1. Can PHE114 be described as out of contact with any Asp or Glu (no Cβ under 9 Å at 6 or more places or on another chain) and farther than 24 Å from VAL167 by Cβ?
2. Test ARG21 against the criterion of being out of contact with any Lys or Arg (no Cβ under 8 Å at 6 or more places or on another chain), among the charged types (D, E, K, R), surrounded by 11 or more Cβ atoms within 10 Å (Cβ to Cβ) and closer than 16 Å to PHE114 by Cβ, and give yes or no.
3. Assess whether VAL78 counts as being surrounded by 15 or more Cβ atoms within 10 Å (Cβ to Cβ) and either at pLDDT 95 or above or not acidic (Asp, Glu) (or both).
4. From the residues in the stretch 116-126 that are under 11 Å from the mean Cα position of the chain (by Cα) and hydrophobic (A, V, I, L, M, F, W, C), which one is nearest to PHE180 (Cα to Cα)?
5. Take the conditions closer than 28 Å to ILE39 by Cα, buried (at least 20 other Cβ atoms within 10 Å of the Cβ), at pLDDT below 95 and of a type outside the set (Gly, Ala, Ser) and apply them to PHE197. Does it pass?
6. If I ask for residues that are assigned to a helix (DSSP H, G or I) and either within 19 Å of PRO13 (Cβ to Cβ) or of a type in the set (Ser, Thr, Tyr) (or both), which ones from the stretch 153-170 would you list?
7. Check LEU173, LEU219 and return the single one that is modelled with pLDDT of 95 or more and either part of a loop (DSSP other than H, G, I, E, B) or in contact with a helix residue (DSSP H, G or I) (Cβ under 6 Å, 6 or more places away or on another chain) (or both).
8. Restricting to the stretch 151-182, and then to whatever is closer than 14 Å to GLU7 by Cα and in contact (Cβ under 8 Å) with a residue 60 or more places away in the chain, can you tell me which residue is farthest from the chain's Cα centre (by Cα)?
Amino acid sequence: MDAVEIEVKFWVPCPEALVERVLSLGARDGGRVFECNRIFDDPSRSLEARGELLRLRQDDAWRLTYKLPCRDDGQFKVRRELETTLADGEVLAAVFHSLGLRAVRCYEKWRRTFDVGEVHLCLDTLPFGDFVEIEGTGENIRSMAADLGFPWSRRILGTYLDLFHIVAEEMHLTFRDITFANFAGMAVDISAWRSRFEAGGAPSGDPSAPSAKPVCPRL
């Protein structure tokens, strides 16, 4: 599949409340799955240097994804991606290895998906916090963010790897793999430095105050 992905993220301090709000909007619940993602690159990290990403994901299937560099227009994260399902991801990983590509990073998360009209929502639980991705057209994304009570100024345009770099810096972490095992026993509270994640103020004429009550007072 070749698609252009338009999205924003928000930090979700109260995921249970968010699920309740989303379901109240008539969302179709796509269920929750565990993901293990491996990112491949060559020894010189050429893909990373160009802002590209080659990912092998295992959830309820094997999926290969190639992402081109992000286009950040200040309001949304826009990225073209090519994705396909596979019969056996380990075979492809062996092919990559033979071609000189290595798994340079692993990251894990639990993902629960919802569809509300033309909007696709992903509630992601990572080892360092919970986040929701809102995907759709720009207009639909803004509308859904307001319906969920998220101030537009608090949208996140970075990737989860970008967010982890901030977490690692703040917590003085030395590991690269974003796994639940690596974070075991750690108390992670990003509220003190969440502003480093967020995009900031809304454009002129676009108030950042949400039209609905936030799903958690800490928003």
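1. Values: out of contact with any Asp or Glu (no Cβ under 9 Å at 6 or more places or on another chain): no; farther than 24 Å from VAL167 by Cβ: yes.
In short, no.
2. Working: out of contact with any Lys or Arg (no Cβ under 8 Å at 6 or more places or on another chain): yes; among the charged types (D, E, K, R): yes; surrounded by 11 or more Cβ atoms within 10 Å (Cβ to Cβ): yes; closer than 16 Å to PHE114 by Cβ: yes.
So ARG21 fits the description; yes.
3. Details: surrounded by 15 or more Cβ atoms within 10 Å (Cβ to Cβ): yes; either at pLDDT 95 or above or not acidic (Asp, Glu) (or both): yes.
For VAL78, the condition - surrounded by 15 or more Cβ atoms within 10 Å (Cβ to Cβ) and either at pLDDT 95 or above or not acidic (Asp, Glu) (or both) - is met.
4. First, the residues of the stretch 116-126 that are under 11 Å from the mean Cα position of the chain (by Cα): 121-126.
Then drop every residue that is not hydrophobic (A, V, I, L, M, F, W, C), which leaves 121-123, 126.
Numbers: LEU121: 23, CYS122: 19, LEU123: 17, LEU126: 8 Å.
If we take residues in the stretch 116-126 being under 11 Å from the mean Cα position of the chain (by Cα) and hydrophobic (A, V, I, L, M, F, W, C), then LEU126 is nearest to PHE180 (Cα to Cα).
5. On the way: closer than 28 Å to ILE39 by Cα: yes; buried (at least 20 other Cβ atoms within 10 Å of the Cβ): yes; at pLDDT below 95: yes; of a type outside the set (Gly, Ala, Ser): yes.
Judged against the criteria, PHE197 is a match.
6. Of the stretch 153-170, the ones assigned to a helix (DSSP H, G or I) are 153-154, 160-170.
SER153, ARG154, TYR160, LEU163, PHE164, ILE166, VAL167, GLU170 - these are the residues of the stretch 153-170 that are assigned to a helix (DSSP H, G or I) and either within 19 Å of PRO13 (Cβ to Cβ) or of a type in the set (Ser, Thr, Tyr) (or both).
7. On the way: LEU219 fails: modelled with pLDDT of 95 or more.
LEU173 is the lone residue from the list that is modelled with pLDDT of 95 or more and either part of a loop (DSSP other than H, G, I, E, B) or in contact with a helix residue (DSSP H, G or I) (Cβ under 6 Å, 6 or more places away or on another chain) (or both).
8. So the first thing to find is which residues in the stretch 151-182 are closer than 14 Å to GLU7 by Cα, and the list is 152, 154-160.
Right, trim to in contact (Cβ under 8 Å) with a residue 60 or more places away in the chain and you get 154-159.
Working: ARG154: 15, ARG155: 12, ILE156: 9, LEU157: 9, GLY158: 8, THR159: 6 Å.
Step by step, filter the stretch 151-182, then rank; the result is ARG154.
The values are calculated or read from the model by the stated rules, or taken from the named source; none is laboratory data. Note that the structure is a prediction, hence the values are computed from the model and not measured. Here Cβ is always computed from backbone atoms with ideal geometry, including for glycine, and neighbour counts include all displayed protein chains.
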